[in-house]
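Working notes, structure below.
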Ligand code: BV8
């Protein structure tokens, strides 16, 4: 059995069909806010109430009955089961849909909405509910603009072993995730993008279509082709 390493990067587009809004909608607003107003340490320092209110609302949305993993999330869980250690998922998303679909080999590089972090001790706690809006001790365990992403060194290491790199539902506008396709390519990987429209990032192949339709198709091809 020839095992090749498959690395998948996901963005907001994989969760769009689960009812979660992407970040760069037509009006460029993010749940009604300009990103810079909520996703920065400065915003939290100067106005924790607005920041907590924004993330409390997102966390509540995650618990809505109509928000669940879609066929794309489930296909990636199937791919991990088929490839075992030959698979790694890096997500830019802070929702928990990959975890709920059953993936375990995940780097949540921009943090997780369902966790909070103590600003002094760095302790991270699971947290599904609201955070008191005036709380300055506990912040969302989310990577804001200007902050170091989580697990970057290990992701770059894994990318250097990739034979196939697939980016799903990401505009490729946020650094350093936007560099991953080039890093994988340099390591000799074949790079593939699945998106409803081409992003600005270079790939060997582009599959245009909705994630819930195209990801299961690609996963079938990968499982049939790789796990010989
Ligand atoms: C860092 C958590 C350094 C918060 C997020 C100038 C040039 C280059 C870089 C920079 C620059 N100025 C500043 C930077 C760095 C900055 C950056 O990249 N800024 C951008 C805006 C230019 N990056 C950072 O600050 C990062 N940190 O660089 O640290 C450092 C080093 C050492 C020590 C200290 C510091 C941190 C970035 C993390 C920011 N946090 N999220 C939260 O979520 O609330 S990023 C946030 O935006 C999301 O997490 C997500 O990652 C990103 C949005 O990107 P996408 O996921 O791609 O979503 P988007 O809406 O853009 O696109 C959706 C796509 O899906 C589209 O292509 C669409 O076509 C497609 N789609 C839609 N529907 C479907 C679909 N596809 C398939 N099927 C569908 N149905």
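What follows draws every value from the coordinates through simple rules; no lab data is involved. Since the structure is predicted, the reported quantities are computational estimates derived from the model, not experimental observations. When we count neighbours, we look across all protein chains shown, and the Cβ atoms used for this are built from the backbone with ideal geometry, even at glycine.
Calculated FRET efficiency, residue 186 to residue 148, Cβ-Cβ distance, R0 = 22 Å: about 0.50 to the nearest 0.05. Counting neighbouring beta carbons within 10 Å and listing from fewest to most, the residues 14, 158, 132 come out as 132, 158, 14. Distance from the C-alpha centroid of region 148-198 to that of region 99-136: 23 Å, rounded to the whole angstrom.
Here is how the number arises for the chain: DSSP H runs of 4 or more residues each give -39500 (n - 2.57), the sum is divided by the residue count, and the result at 222 nm is -9500 deg cm²/dmol. Counting neighbouring beta carbons within 10 Å and listing from fewest to most, the residues 159, 76 come out as 159, 76.
Given their separation in residues at 0.36 nm each and the Cα-Cα distance between them, residue 47 and residue 175 gain 43.6 nm when the chain is fully extended.
Label zone of residue 208 (point 7 Å out along Cα→Cβ, amide N under 17 Å): in region 178-193 this covers 192-193.
Rounded to the nearest 10 degrees, the inclination of helix 71-83 to the longest alpha-carbon principal axis of the chain is 60 degrees. The length gained by stretching the chain between residue 200 and residue 221 to full extension, at 0.36 nm per residue less their Cα-Cα distance, is 5.0 nm.
Rounded to the nearest 10 degrees, the angle from helix 211-226 to the longest Cα principal axis of the chain is 40 degrees.
Here 95, 45, 120 are placed in order of increasing Cβ neighbour count within 10 Å, fewest first, which gives 120, 45, 95. Suppose R0 equals 25 Å; then what is the FRET efficiency for residue 33 and residue 81 from their Cβ-Cβ distance, rounded to the nearest 0.05? Efficiency at R0 = 25 Å is approximately 0.10.
Per the Kirkwood definition applied to all pairs of different Cα atoms, how many angstroms is the hydrodynamic radius of the chain?
This gives a value of 18.1 Å.
Modelled spin-label separation between residue 104 and residue 133, with each label point placed 7 Å from Cα along the Cα-to-Cβ direction: 4.0 nm.
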